[in-house]
Amino acid sequence: MSKHEDKYCPRCNTAFECKVGSITQCQCFGIIVEPETQEWISKQFTGCLCLNCIKVLRTAWNTEQFKAQIKKHPGH
């Protein structure tokens, strides 16, 4: 039997179902999050996040990395 767990996102408090027992049916399946991004997120939150928050945080991380690269190359 697949294990499903009702959870609340620690960032936005949205309810969602974690399907760890059937990962291909889980809301987070298929979203690509680079290891550096995962580490950054895990320093801020523990446990599973809802899909929307994963996407928002991934975008925030990528934006910050892009800004940091621009600062290294002023005038371009």
Review point. Looking at segment 4-38, which of the residues that are under 10 Å from the mean Cα position of the chain (by Cα) and not in a loop (DSSP other than H, G, I, E, B) is farthest from TRP61 (Cα to Cα)?
Key: GLN38
Exercise for review: Return the residue satisfying two criteria in turn: it lies in segment 55-76 and is of a type in the set (A, V, I, L, M, F, W, C) and open to solvent by less than 80 Å² (accessible area, probe 1.4 Å), and of such residues it is nearest to GLU34 (Cα to Cα).
Suggested key: TRP61
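Out of all the residues in segment 33-54, which are more than 14 Å from PRO10 (Cα to Cα) and open to solvent by less than 90 Å² (accessible area, probe 1.4 Å)?
Within segment 33-54, VAL33, PRO35, THR37, TRP40 qualify.
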Point to revise | Pairs, first more than 29 Å from GLN65 (Cβ to Cβ) in segment 14-42, second among the polar types (S, T, N, Q) and open to solvent by 40 Å² or more (accessible area, probe 1.4 Å), C-beta under 9 Å, six or more apart | key: GLU17/GLN27; LYS19/SER2; LYS19/GLN25; LYS19/GLN27; VAL20/SER2; GLY21/SER2; SER22/SER2; GLN25/SER2
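The values are calculated or read from the model by the stated rules, or taken from the named source; none is laboratory data. This structure is a prediction, so every number in the text was calculated from the model and none was measured. Cβ sites come from the backbone with ideal geometry, for glycine too, and all protein chains shown count toward neighbours. With ligands, DNA and RNA removed, areas are computed over all heavy atoms of the protein, side chains included. Shrake-Rupley method; radii C 1.70, N 1.55, O 1.52, S 1.80 Å.
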